[in-house]
1. Take residue A:334 and residue A:79, extend 7 Å from each Cα along the Cα→Cβ direction, and tell me the distance between the two endpoints in nm.
2. Taking 20 °C and 1.002 mPa s as the conditions, I'd like the Stokes-Einstein D for segment A:257-354 in µm²/s, using the Kirkwood hydrodynamic radius from alpha carbon pairs.
3. Skipping prolines and chain starts, which residues have an amide H placed within reach, meaning under 5 Å, of the one on residue B:214, given they are 5 or more residues away or on another chain?
4. In nm², what is the average projected area of the convex hull enclosing the Cα atoms of segment A:298-395?
5. Any idea what angle helix A:2-13 forms with the longest principal axis of chain A, computed on alpha-carbon atoms, 0 to 90 degrees, nearest 10?
6. Tell me which cysteines of the protein assembly as shown come out unpaired when the rule is another cysteine's Cβ under 4.7 Å.
7. For segment B:248-406, what is the relative contact order in percent, using Cα pairs closer than 8 Å and at least 6 residues apart in sequence?
8. I need the Kirkwood Rh of chain B: take the reciprocal of the average 1/r across all distinct C-alpha pairs and report it in angstrom.
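Derivation of every value follows stated rules applied to the coordinates shown; laboratory data play no part. Quick caveat: nothing in here was measured; it's all calculated off a predicted structure. Neighbour counts are summed over all protein chains in view; Cβ atoms, including those assigned to glycine, are modelled from backbone coordinates with ideal geometry.
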Amino acid sequence: MFKLILKMAWKNSFLRLSRTLLVIIMIAVSMSMMLGIQGLYDGMAENMIDKSKRSDSGDISIFAKDYRIERDIKNIIKDASSIKKKIEILDGVEAVVLRLSADGLISTARKSSFSIIRGIELKDEEKFGRFSEFLKGGELNLSKRSAIIGIELAKTLKLRLGSKVIFSTQDSSGEINSIALRVRGIVQTTNISLDKNTIYVDKQILHKFLSVDETYATQISILSKNKELLSKLKQEYPSLDIKSFFELQPMMKMMQDMMIIFNSITFFIVMLVVFIGILGVMYVSILDRVREFGIMLGIGMEYKYIRTQIILESVIVSFIGYLLGAILGVAVLLYLNQYGLNLSSFADALESWGMETVLYAAIKVSYFSSTFFAIITAAILSVWIPLRKIKKLNPVEVIKAEK
Amino acid sequence: MFSLALKNILFYKGRSLTTFLLTFVSTILFVVYVSMMDGSHKSMLENALNIYTGAIEIYKKGYRDIGGNEYYIDDVSSITKKLSRVDGVKSFSSRYETYGLLSTEEYASASMIAGIEPLKEREISSISKALVDGLFLDENSKNCLYMGDGLVKRLKIKLNDEVAFIGAANDDSFAADIFKLCGIFKTGSFEFDSTVSFITKTYFDELMLSNNKASYITLKIDNLENVDRVNKDITKLLNDEELESLTWKTLMKTMVEAMEVDSIFGYISLALFLIVIFFVIMIYGFINISSRIKEFGVLTSIGLSNSNIMKLIFYEIFILTSLAVIFATPIASYICYYYSLNPIVIDGISDMYKDYGIISDEIPFDFSLFTIGWNISLIYILNILSVIYPYFYIKSFTPIEAIRHV
């Protein structure tokens, strides 16, 4: 019996071909557009979060107690090297880096600007955050007095590869010290505060320049998927300021939450309108065939079979729309994932906002599963009102009336 | 045709109501969304322009791209004399900017020190209004510093404390002096408040050997919309190939671009809603028209032309759209107007987005009749486009086919 109902539902679905095609196109176009937008927004947020983690704070960062309130070299982690060694052997820890930073003045022969000097070890940074991927020009070379500079700071100071800069700051004894550096590389981390202000030098050179012991650091950053690690570290080192990525970057958390809210609202509105579209078509399609259903009831067909047939009709049309939408959506997402959306004509703005000029989309299975669930639900719900009409039908009256 | 269209609208209540509601919702959504987007952009721009950047700024060519002491404007007074003759210029002031190291006994920090003309600056920018403690500068302030609160915190100083300055003078020699903290400002711009200090230009000129010199001359104009015209007049009047007069559109290119990108994303999201709604309106229109094929067959067989049929369909959608727009526009306009006067406040948003130059928790809407007008026009265009396919569908039937259609 089910086979017969399925066959009838299939044939009836295409009885009014233009109408059915319009619904299929509506579902497919809206779904593929929605998937493209969701993927692009998610991709943008994920990219910013990923790069922000890799370039700076990792999943967890440790500072001396007052460092974040008062960014002073006096507020430094004194036994950072031994803490690093202890953390590295903890369960789930992927990488740990030590960094030494100081605020100061960076000057060229013509321009000056506020800047942050950051002492790093390239090998550790590469393991931690694939630092070489941030390189926009030049080479990753911190030997002797070489430096790597953030792209926005380079723009502000009109620096090129090979340019000479002077960085001045207070050392640990309070004396004003200056160091001459040669720009060997320009990086774009898409972390605005780093790209706008930071100049990277070899950690050992900075230790000497600031007259700070080599075991000291201003920041310890950890990459780890272990969710227990934060509380464990807080227990282990109560005298230090230990923060998770989102605690350090509440803006990123807010951005991620806003993306989820925005995508959910978009999803809800689009699905509601799609539901209205399917409802209209199914309602008219059923009303057109009231006599047919009356005859079917009259010759003894049970209501439940008619109900199944109508639901199947709606599901078939919606499912075809979904399939077409999924194919189009995959194509859009794959394109955006592979080639991205090129906004290089707005490069200045995007870079200054910590975004890449080419935005790549994320692809998640959940996009397709949640849309599938929503469309099928909309398809089933859309026949609920017409079905109530069919249920109340008196076969004899309907057949007579239509005559 | 018009009265027939009206009768049809009343007869096919389901289709009419759906089209009306969808158009009503999309009109409100579209007008309010665009108003919010434009309002937040305008607010960002106005905030930025009010704080420090002028509507127009005059530079010596090369100062912005290369920089250095040879790119300061040499003869400020002769330029300012000419500027007072330009129609549309409200006020102007010269600024001498340099970077230097400010230090106390314990702490030091880099800062941009700007020598300003306090009286003129009061008219041009809002830095005097951003005072939170102490006093703003005047012509007799001498070595008084007016410093951003972020920088004050960084240097751990309080009013009347002394700060040592070391920098490079205009002739490339070392310049050093002791300044006194006389006033603290807070504009809300995180970067600005953490890096900038002001001092009276007359005093600073003596220290920097920069008498009658300036980094640039900043101008305020009567009406921002006339900025291009005023800028053209200034360029013509200056008639100096060594100087360049730039409007805020160039000076704040990054912000202008950022707003354009934001608008692109906003319109992409809006396009999704409008396209889905367009499809549904088209589907309902199509269902309605396809159920009236017989009626159209009769109408054509009694002498109605295709253009009459088109008119009928057009009137139907036009009346429905107009009804929805008549109801939606006052509501949407009121929302825009209300929130343009009473902006939405999201506590903490400026602190969260301080790195992005957001300085206020307020999100004002923009109330512009022109914008509302083009938003509504687009809704009309979309709704009219939605009946084109149903019209061609009807047209594909001959009168006999249409009358026999079941």
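1. 5.6 nm
2. 121 µm²/s
3. B:73
4. Mean projected area for segment A:298-395: 9.0 nm², to one decimal.
5. Roughly 80 degrees, rounded to the nearest 10.
6. So, B:336.
7. 41 percent.
8. 25.7 Å
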